[in-house]
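The values are calculated or read from the model by the stated rules, or taken from the named source; none is laboratory data. These figures come from a predicted structure and were not determined experimentally. A quick note on method: Cβ atoms are made from the backbone with ideal geometry, for glycine too, and the neighbour counts reach across all protein chains shown.
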Amino acid sequence: MTNIALEFLSLKSKECSGFFLMSEGSQIDWAAHDNNSAKMIEEFRDFDQTIQNAINFVSNNGETLLVITADHETGGLQILGQDNGKVKVQWGTGRHTGIPVGVYAYGPGADAFTGVMDNTDIFTKILDAVDYSNLSNSNCLN
């Protein structure tokens, strides 16, 4: 779906100053709520492929910023070690936790998304990256 959205928005926004697309790997969260590590890994593989496709898009378009993060952590998963070739894990909860999540960025403006930051700062940093106060007020998807 992300690839289709990127193609559509790229075509529709040729006359504009760009587009914003948010893709969510929501099934990762669902699997963590269920404490289902096998399903979570399967969903992470799908999300990893989505990220790779987005990186390819960014690499071919010098004006695109890719930001990857999560809105929260779920489950409190802990990796305990390995036993007979299998990874041993333990879940702390089936709920959201306060455990920090990573923020990663690629493309122009990526340097603003480094280190530890409050997730509410991501919004402001994206606005700064697109120079929001100077964007034209037009609908590009007619």
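Some notes on this structure:
Residue-by-condition table, conditions (1) among the aromatic types (F, W, Y); (2) touching a Pro at 6+ places or on another chain (Cβ under 7 Å); (3) at pLDDT below 90:
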{"position": "L77", "(1), (2), (3)": "no, no, no"}
{"position": "N84", "(1), (2), (3)": "no, no, no"}
{"position": "G94", "(1), (2), (3)": "no, no, no"}
{"position": "G98", "(1), (2), (3)": "no, no, no"}
{"position": "A112", "(1), (2), (3)": "no, no, no"}
{"position": "V116", "(1), (2), (3)": "no, yes, yes"}
{"position": "T120", "(1), (2), (3)": "no, no, yes"}
{"position": "F123", "(1), (2), (3)": "yes, no, no"}
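- Residue ranges of helices (runs of 4 or more DSSP H) in segment 1-87 with at least 2 members in contact with a strand residue (DSSP E or B) (Cβ under 6 Å, 6 or more places away or on another chain) and under 24 Å from Y106 (Cα atoms): 37-60
- From the list M40, M1, M22, the one residue that fits, being loosely packed, with under 14 Cβ neighbours inside 10 Å, out of contact with any Asp or Glu (no Cβ under 8 Å at 6 or more places or on another chain), farther than 23 Å from G115 by Cα and not charged (D, E, K, R), is M1.
- Inter-residue pairs, beta-carbon under 8 Å, first under 17 Å from V130 (Cβ atoms) and in segment 15-27, second of a type in the set (K, R), 6+ apart: F19/K12
- Pairs are defined by a Cβ separation below 7 Å, a sequence spacing of at least 6 or placement on different chains, a first member in segment 43-54 that is aromatic (F, W, Y), and a second member that is surrounded by 12 or more Cβ atoms within 10 Å (Cβ to Cβ) and part of a helix (DSSP H, G or I); the pairs so defined are F44/I28; F47/I28.
- The conditions of being within 25 Å of M117 (Cα to Cα), surrounded by 15 or more Cβ atoms within 10 Å (Cβ to Cβ) and in contact (Cβ under 8 Å) with a residue 12 or more places away in the chain are not met by T93.
- Positions within segment 96-128 being without any contact (Cβ under 8 Å) to a residue 24 or more places away in the chain, surrounded by 12 or more Cβ atoms within 10 Å (Cβ to Cβ) and aliphatic (A, V, I, L, M), in sequence order: A112, M117, L127
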